[in-house]
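The structure appears below as structure tokens.
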Amino acid sequence: MLKEFVVIGCGRFGESVAKNLYKQGYDVMAIDKDEEIIKEISEFVTHAVQADAIDENTLKSIGIRNFDVAIVSIGSDVQASIMATLIVKELGVKTVVAKAQNDVHAKVLYKIGADRVIFPERDMGIRVAHNLVSTNILDFIELSPDYSVIEIEALPEWEGKALKDLKLPNKYGINIMAIKHENNINISPYADDIVKKGDILIVIGHTEGLRKLEHHDI
């Protein structure tokens, strides 16, 4: 049975998660108190509702308890984020994922019952959406706040080059754990192994280096 998601707070991050979950075929309800935002997102989700996420009665009336996962992605209002997380958890949503601004905010969210806390600058919206429903855990694994494992498709400029020539450890402080080519996985590839078109590289490294790699910053 497909999971049903509710996204509370549809700023840039919440909008991205909601749209991507919907694209993957899931039922998604988007909630925001801004009428314009709800109008804009309505055609990209299953349901879009203008509501105040810290009004318990409103959330009850729209059947929030029927959702499997709530993503609380309220922007800069830390108090509203905490209240919304507390309310959806108390109303019986099984899994509550909340966006935090900093470590202190994250600690509070965990204390009041958030099952998972994310930092948008570390978990970009599309990857979070995939990660919530994907069995492919290598998509993104945060080993600690500083180190992660990601899968990345070979960039066009890497094709036909040996790993040693890409100098990824020097440029980004990251290491290649494996290369997936079609149905084959090359574990612990050699420096002379050639990157082919369509290869997926499984990379471990410092989160900052991985972020640079994602944006192709040298």
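Computed values, structure above
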item: Charge tally in the Cβ shell below 12 Å around residue 70, where Lys, Arg are +1 and Asp, Glu are -1, residue 70 excluded; result: +2
item: Rounded FRET efficiency, nearest 0.05, which uses the C-beta distance separating residue 119 from residue 190 and R0 of 22 Å; result: 0.05
item: Length-normalised contact order for the chain - Cα pairs under 8 Å, 6+ apart - percent; result: 14 percent
item: Estimated FRET transfer efficiency when R0 is 22 angstrom, pair residue 68-residue 90 (beta carbons, to 0.05); result: 0.85
item: Other-chain or far-sequence residues with amide H under 5 Å of residue 147's (modelled H); result: 207
item: Mean Cβ neighbour count within 10 Å, used as a protection proxy, ranking 154-163, 66-75 highest first; result: 66-75, 154-163
item: Residue-wise HN-Hα coupling along the range 16-32, computed from phi with Karplus coefficients 6.51, -1.76, 1.60 (Hz; x: Gly, Pro); result: 4, 4, 4, 5, 6, 5, 5, 4, 7, x, 8, 6, 10, 9, 9, 10, 7
item: Placed amide H near residue 101: partners under 5 Å, 5+ positions off or other chain; result: 106
item: Cα→Cβ-extended label distance, 7 Å offset, between residue 161 and residue 111, nm; result: 4.8 nm
item: Sequence ranges 79-90, 30-41, ranked by mean other-Cβ count within 10 angstrom, highest first; result: 79-90, 30-41
item: Whole-Hz couplings from phi, Karplus 6.51/-1.76/1.60, listed for the range 183-198; x for Gly and Pro; result: 9, 9, 10, 9, 7, 6, x, 7, 4, 8, 5, 8, 7, 10, 4, x
item: Estimated 222 nm signal from helices in the chain, with DSSP H stretches of n ≥ 4 weighted -39500 (n - 2.57), rounded to 500; result: -9000 deg cm²/dmol
item: Per-residue Cβ neighbour rank within 10 angstrom, fewest leading, 105, 47; result: 47, 105
item: The range 137-214: relative contact order in percent, alpha carbon pairs under 8 Å with at least 6 residues between; result: 40 percent
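Read-outs: derived from the displayed coordinates by stated rules, not from any lab. Model, not experiment: these values are computed from the prediction. Quick reminder, even Gly has a Cβ in these numbers, built from the backbone with ideal geometry, and neighbours come from all protein chains shown.
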